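S.K.: Could you have a look at this structure, given as structure tokens, before my questions?
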Amino acid sequence: MSTRLAEGLMAGLLVLLSITLMVKSAELNIGWIEGRGPGSGFWPFWLSALMGIAASVALLRWFARMTPESRSNAPYIDGDTVLLVLITAGALTLMIALIQLIGMYLSFLIFLIFYLRVIGRHGWLETGTFALGVPITVYLLFEVALTRYLPKGIDFFEEAFLVVDNQRYAIQYGAAPGLTAAGIALYVIAAIVVGIVAARMGRNGLVAFWASALLTPVGGAVLLSRHVIPPAPGRAAGASTDSEAQP
């Protein structure tokens, strides 16, 4: 398959998908309900409409050969890439199957570790950071901010997850929930700042962040000032930063 053919097929399929989603969404209320807000089909319909408009523009640009891809007859994908796509699709299928057994968060965690460590060959620090950070972000977004509870798996895992929920409820609805939440937010922001400063100094920002998260931001800053935080990946231990090189 050529690159031109692949781009045209994708744009056309997205147009058809958008139309299908709009038709299905129109079976629900796609308008504004007085006193309640958008109807149940509002967001699916209008987001599908926007996707259809974007895909139609891409299809018109393809017909007019306005993009480099629309003029290219080079092969779209090689054998190694096909194998990688198949492995990724298989891993995603397994992750979806595991959701009913061990829940969304653990399935997501296992998938990210496999993809980042085995497929991407990233170090354990980067793998652990994203494998833990992404499920935590999803939890905060869906279960805390949007109050939409995701599958937890069989009873054993759901009961175990109640420990996390109980701690979260104690913080969120405790005696001073606003003050507690603000303190946690400031703590995380301070740890992120230490990581950013470390990165600008040529040190490993992820190590600095986790050190600050576990040992308090003050502890992380002390480790950074004493040069305990290792250099950034790919940077020699004795290499100087730009600021150090300046007179």
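S.K.: Looking at region 135-145, can you tell me whether even one residue there is open to solvent by less than 70 Å² (accessible area, probe 1.4 Å), part of a helix (DSSP H, G or I), under 23 Å from PRO233 (Cβ atoms) and modelled with pLDDT under 90?
M.R.: no
S.K.: Sticking with this one: Are there any pairs, at least 6 apart or on different chains, whose C-beta atoms fall under 7 Å, with the first in region 128-157 and touching a residue at least 40 places away in the same chain (Cβ under 8 Å) and the second part of a loop (DSSP other than H, G, I, E, B) and open to solvent by less than 40 Å² (accessible area, probe 1.4 Å), and if so, which?
M.R.: Short answer, once both residue conditions are applied: PRO151/GLY103; LYS152/GLY103; GLY153/GLY103; PHE157/GLY103.
S.K.: Quick one: how many residues across region 63-100 are open to solvent by less than 40 Å² (accessible area, probe 1.4 Å), closer than 23 Å to VAL15 by Cβ and in a helix (DSSP H, G or I)?
M.R.: 1
S.K.: In addition: Quick check: anything in region 26-40 touching a helix residue (DSSP H, G or I) at 6+ places or on another chain (Cβ under 8 Å), touching a residue at least 12 places away in the same chain (Cβ under 8 Å), open to solvent by less than 50 Å² (accessible area, probe 1.4 Å) and polar (S, T, N, Q)?
M.R.: no
S.K.: Filter region 210-236 down to the residues that are open to solvent by 80 Å² or more (accessible area, probe 1.4 Å) and outside any helix (DSSP H, G or I), then identify the one that is modelled with the lowest pLDDT.
M.R.: Out of the qualifying residues, it is ARG235.
Yes/no matrix, rows are residues, columns are (1) of a type in the set (A, V, I, L, M); (2) closer than 26 Å to LYS24 by Cα; (3) modelled with pLDDT of 90 or more:
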site: ARG36; (1), (2), (3): no, yes, no
site: SER48; (1), (2), (3): no, yes, yes
site: ILE53; (1), (2), (3): yes, yes, yes
site: ALA58; (1), (2), (3): yes, yes, yes
site: PHE63; (1), (2), (3): no, no, yes
site: GLY79; (1), (2), (3): no, no, no
site: GLY90; (1), (2), (3): no, no, yes
site: ILE99; (1), (2), (3): yes, no, yes
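S.K.: Right, here's the next one. I need the full set of residues from region 1-42 which are part of a helix (DSSP H, G or I) and touching a Pro at 6+ places or on another chain (Cβ under 7 Å), in order please.
M.R.: LEU21, SER25 - these are the residues of region 1-42 that are part of a helix (DSSP H, G or I) and touching a Pro at 6+ places or on another chain (Cβ under 7 Å).
S.K.: If you don't mind, another one. Just one of the numbered conditions (1) touching a residue at least 24 places away in the same chain (Cβ under 8 Å); (2) part of a helix (DSSP H, G or I); (3) open to solvent by 50 Å² or more (accessible area, probe 1.4 Å) is not true of VAL207; which one?
M.R.: Of (1) touching a residue at least 24 places away in the same chain (Cβ under 8 Å); (2) part of a helix (DSSP H, G or I); (3) open to solvent by 50 Å² or more (accessible area, probe 1.4 Å), only one is false for VAL207: (3).
S.K.: Something else about it: If I go through region 107-134 residue by residue, how many of them are within 23 Å of VAL188 (Cβ to Cβ) and part of a helix (DSSP H, G or I)?
M.R.: Adding up the residues that qualify gives 16.
S.K.: Among the residues of region 146-164 satisfying the criterion of being within 22 Å of ILE184 (Cα to Cα) and either surrounded by 14 or more Cβ atoms within 10 Å (Cβ to Cβ) or of a type in the set (A, V, I, L, M) (or both), which is nearest to the chain's Cα centre (by Cα)?
M.R.: Among them, the one singled out is LEU146.
The values are calculated or read from the model by the stated rules, or taken from the named source; none is laboratory data. A quick note: this is a predicted structure, and the numbers were derived from the prediction, not measured. Backbone-built Cβ (ideal geometry, glycine too); neighbour counts: all protein chains shown. Heads up: the accessible areas ignore ligands, DNA and RNA and are worked out on the full protein's heavy atoms, side chains in. Shrake-Rupley method; radii C 1.70, N 1.55, O 1.52, S 1.80 Å.
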